[in-house]
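S.K.: The structure follows.
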Amino acid sequence: MKIKHTNSHSKAWACLRIVLDCALLAIVLLTPASAQTESVIYSFAGQPADGGQPSADLIKDSHGNFYSTTYAGGSSNAGTLFKLSPSGGSWTESMLVSLGGPLGPANPVAPVVISSTGNLYTTASSGGAANVGEVFEVSKIGGLWEVTGSLSFGASGTSLRRVAHGS
């Protein structure tokens, strides 16, 4: 198990790497080592309504929310980008985007980078023009998160694609 984040209260966040039902995983809160306790704060349900197999680090924003990706799950079973938000002593998960589809990013494995404008960036291990992965951008447009740009790699070189709103 890899430690993903330690906050100011000496609690460590981790992606639980123990395989649960249907190869889905959970996000757990680990309390200080002397206490030897953990709490599952979210368990993934998988395709089609949720992500499955979280494999990237949890990245915390300035509001205390965590962002990451799942390798599988979502409507195409090609992964998701999700957000965990603190809510009155518990956590709420929101699937921001479901990945896959024609030429779209699929099966993300890298941590999310949050820009100063709030856009999210990460990489996918498949998808794109040559289906060998791409770097992609997710932005909030009109209250909804969408893949808004990508950089694909392939045999014929690199291509930058800007996705039209709503496509």
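No lab work stands behind these numbers, since they all come straight from the coordinates. Source: prediction; values computed, not measured. With ideal geometry, Cβ positions are generated from the backbone for all residues, glycine too; neighbour counts draw on all protein chains shown.
S.K.: Which ³J(HN,Hα) values, rounded to whole Hz and listed in residue order, are derived for the stretch 89-104 from phi using the Karplus coefficients 6.51, -1.76 and 1.60 in 6.51 cos²θ - 1.76 cosθ + 1.60 with θ = phi - 60°, glycine and proline given as x?
M.R.: Once rounded to whole Hz, the list reads x, 10, 10, 10, 9, 10, 7, 7, 9, 9, 9, x, x, x, 6, x.
S.K.: Could you line up PHE136, PHE44 from fewest to most neighbouring Cβ atoms inside 10 Å? Each step should come with its number before you reach the end.
M.R.: Details: PHE136 26, PHE44 23.
In increasing order of surrounding Cβ atoms, one gets PHE44, PHE136.
S.K.: Alpha carbons only, please: Rg and Dmax for the stretch 46-162, in angstrom.
M.R.: Rg, Dmax (Cα atoms, Å): 13.8, 51.
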